[in-house]
Amino acid sequence: MRVSRHWRNKLFRYRLVGWRCVSCGAFHYSKPLVCKRCGSREFREVELPKTGKLLAYTMVKIAPKDFKDKAPYLVGLVELDDGTKILGQLTDFTKEELKEGARVEAVLRKIREDGENGIIEYGFKFRPEIHHPP
Ligand SMILES: [Zn+2]
């Protein structure tokens, strides 16, 4: 499985926050000028759940220029607990833990500011979910 251009484009766009329309409640990944559903211009920033499950993953062996020293690295498609699908870099996985359906949690880690080409910026990575004691 390889990371398609579609995936890569999504990767740069999605953060763990989104925008909810104040008037109709529609969810938007990035702040739109007007709500696509109702035309309102008022939005509230909402945080997405930090946990979910791994739907798919892939090893990136040939990294973008600014990431050459980081390759190879893992990228995963994660379904958050509210159903939002999000793409992020994976971290701290052992071979045994790395499987489809594995529970994951997001850790906010700024890895890099916009590179010279303005392409790469990850705000977070996903790691295996740690079961915190109640
Ligand atoms: Zn709306």
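The values are calculated or read from the model by the stated rules, or taken from the named source; none is laboratory data. Keep in mind that this is a model prediction, so the values were computed, not measured. Note: ideal-geometry Cβ built from the backbone for every residue, glycine included; neighbour counts use all protein chains shown.
Of everything in segment 54-69 that is under 18 Å from the mean Cα position of the chain (by Cα) and modelled with pLDDT under 90, the residue that is farthest from Thr91 (Cα to Cα) is Pro64. Residue pairs whose Cβ atoms lie under 6 Å apart, sitting 6 or more positions apart in sequence or on different chains, and linking a residue in segment 44-56 that is more than 23 Å from Leu98 (Cβ to Cβ) and exposed (fewer than 14 other Cβ atoms within 10 Å of the Cβ) to a partner that is among the aliphatic types (A, V, I, L, M) and at pLDDT below 90, are Glu45/Val17; Glu47/Val17.
Taking the conditions (1) outside any strand (DSSP E or B); (2) free of Cβ contacts under 8 Å to residues at least 24 places away in the same chain in turn, Glu97 satisfies each one other than (2).
Scanning segment 43-65 for residues being farther than 26 Å from Glu129 by Cβ and in a strand (DSSP E or B) gives a total of 2. For segment 3-42, the set of residues classified as within 15 Å of the ligand (Cβ to nearest atom), outside any loop (DSSP other than H, G, I, E, B) and at pLDDT below 90 consists of Gly18, Trp19, Arg20, Phe27, His28, listed by residue number.
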